[in-house]
1. Please note which helices (runs of 4 or more DSSP H) are completely contained in the stretch A:1-82 and include at least 2 residues that are in contact with a Lys or Arg (Cβ under 8 Å, 6 or more places away or on another chain), farther than 21 Å from A:Ile229 by Cα and among the small types (Gly, Ala, Ser).
2. May I ask you to list the residues in the stretch B:330-347 that are in a loop (DSSP other than H, G, I, E, B) and touching a helix residue (DSSP H, G or I) at 6+ places or on another chain (Cβ under 8 Å)?
3. Yes or no: A:Met122 over 30 Å from B:His90 (Cα atoms) and more than 13 Å from chain B (Cβ to nearest Cβ)?
4. Those residues that are outside any strand (DSSP E or B) and more than 27 Å from the chain's Cα centre (by Cα), I need them from the stretch B:299-329; list them, please.
5. Those residues that are within 15 Å of A:Arg100 (Cα to Cα) and of a type in the set (A, V, I, L, M, F, W, C), I need them from the stretch A:182-201; list them, please.
6. Would you call A:Ala95 over 17 Å from A:Ile249 (Cα atoms) and assigned to a helix (DSSP H, G or I)?
7. Of the conditions (1) within 11 Å of chain A (Cβ to nearest Cβ); (2) closer than 23 Å to B:Thr187 by Cβ; (3) of a type outside the set (S, T, N, Q), B:Pro89 satisfies every one except a single condition; which number is it?
8. What is the number of the single condition among (1) in contact with a strand residue (DSSP E or B) (Cβ under 8 Å, 6 or more places away or on another chain); (2) in a strand (DSSP E or B); (3) not small (Gly, Ala, Ser) that B:Leu263 does not meet?
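Throughout, read-outs are computed from the coordinates displayed, never taken from laboratory work. This is a predicted model, so every value here is computed, not measured. Here the Cβ is made from the backbone with ideal geometry for all residues, glycine too, and neighbour counts use every protein chain on show.
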Amino acid sequence: MSLVGWYFKAIGKRRIIEFILLTVFAVFFAGPLLNLVVLAFSGQWAYPDRLPHQWSFKWWSFVMGQDDVAKSIGLSFLIATIVTALSIVLCVPAAYAFARIRFPFKRVFLFSFLLTHAFPKMGLYVSIAVLFYKVGLMNTMLGVVLVHMINVLMFMTWIPTAAFRNIQAAQEESARDAGATPFRVFRSITLPMAMPGIMVASVFTFLNSLDEAQGTFLVGIPDIKTMPIIMYSIIADFPSSAGAVFSIILTAPTIILLLAAQRLISADVMASGFQVK
Amino acid sequence: MSVQLAVRGLTKRYKTGEGVSGIDLEVNKGELVTLLGPSGCGKTTVLRGIGGFLEPDAGEILIEGKSVTKLPPEKRPTSMVFQSYNLWPHMSVFDNLAFGLKIRGMPKADIRSAVSDALRLVRLPGSEKKYPTQLSGGQQQRVALARSLLLKPAVLLLDEPFSALDAKLRHEMREELRDIQTQTGLTMVFVTHDQEEALSLSDRIVVMNHGHIEQIAEPQRIYNEPQTLYVARFIGKMNFLEGVVDGERIRAAGLEWPNAKRLAGKVKVAVRPEDVGLSVISDHQEEQGLGLTGKIKQIMILGHYAEVSVDADEHGTIRAFQSKEAVQRLRAGDGVRLSFASIIAYPND
């Protein structure tokens, strides 16, 4: 028996299939990212070379040197922060109400948040733009913030609603019993217990806002140019290496935030947000 | 003995039709009173009414002579141990126990020593730093009990606290609760649907049914002298015979007893299985005559005693508890004569 034959037999068919699947997955998943990184650091790279002819930071200094870019990074983070903060203020109390208070058509209301995701986004944005034009919200930061918020309303309400629902009445009543006022119970028991769900929803909201391009483009142009908008023009106007550099800049916060939130993001928290009870 | 808790005319109706009405109850200082009944009988409603977790439609609740009817739970001198989900999972055991004491503004050093004392009392010394998820179900209930004990409530309320635990642990926890009660002299109201738990634990039992009280008495009295047919059916095992009043006598199944309760018309005669005597009818003996006879259907050995089912024709199956010595004389299929050491008669419902 050849050595290779023995090797395959020792490992077993199943392990080999698993290994192949993993490799295919890794290539599909990491391949484009790897290409992006290589592209971002390439000076000269001509087909059919496998690797760049020359490595360089020149596109990094070029992209960073653009006035628009530095401004757009700041603006994007500012908008994402405002969107997240406003969504928390608006949606967390709503989620608490959905979880705790009985009112007519509760399920219908809860389900209606799905509507903004049911239509083609562009159609929704165009109709919003028409409305914003009438009330003077076009080309304003507030307009962009509102468009971003519409996108995250569903996550921001559903996930915390599930988090509040998972808190048992006895846990809150025990605290009342121990002498806590209703407000103290909310602050010390209910809110901390729902915090993982709220955090997950907030990270989503932040990233979603950072990434949003269509609505921002329609409502914010020409003055409110966030990172994704700038990226469009950079990709259109400069070699692909500039686009790659910018993509990495845009991806970095996502990866950092996801790593930070990894502890909180469990499949449970996510899945429970999508059970309509 | 002073009255620690008084419930007067407590009424609460739910939209579903369930609820309680006209509940009157007095609990003395240092007493452990159990509310016993099937699910939906209103026992938890009464407990939640005392704890302030529901607003009664009518009635009054007094603790140490003062009305607390209008007070929210955090202002009442009561503390409740729930069936489950008692602890706050995001807090350590220490923080769980210290929560109420911090609200009361107790100095930190005092909180530390009080918490460690309470944990020792529930046999979990040194577990301050653990989190609820690291504890077993029984340990969690002990911590919950410690948390309530720390608040030094005037009345401790327990809502089926051990029903989620397995039988052996439940037994241990009962004994420990009884120990703690003797040590602390706390007044306790305990809700359960488990009659064994009620009988073994309580100073007095309140048997509830459909939102009202059937009987309030000591465990032994509840068992020996059930006041109503419902209690007779609900507590322990009981045989029932159809009877009829004939002046000063009650007659049933060819037997008769004095009509002590002065009942009239048709009655139900109740006999505990341990009060049923069996004597074998030998072949040459006359089978007719006074008294109730039957045929042994089944003998079930239950350790130190046996349950014998006797088929007594139109009177149905009569169960008798026999000692393991007595049961050796009996065989399935034997004809037996039944005798009743004592009976209780109830008006037909």
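1. none
2. Passing the criteria: B:Ala341, B:Ser342, B:Ile343.
3. Against the criterion (over 30 Å from B:His90 (Cα atoms) and more than 13 Å from chain B (Cβ to nearest Cβ)), A:Met122 qualifies.
4. B:Ala312, B:Asp313, B:Glu314, B:His315, B:Gly316, B:Lys324, B:Glu325, B:Ala326, B:Val327, B:Gln328, B:Arg329, listed by residue number.
5. Listed by number, the residues that qualify are A:Phe183, A:Val185, A:Phe186, A:Ile189, A:Leu191, A:Met193, A:Ala194.
6. When the stated conditions are applied, A:Ala95 passes them.
7. Every condition holds for B:Pro89 apart from (2).
8. Single failed check for B:Leu263: (2).
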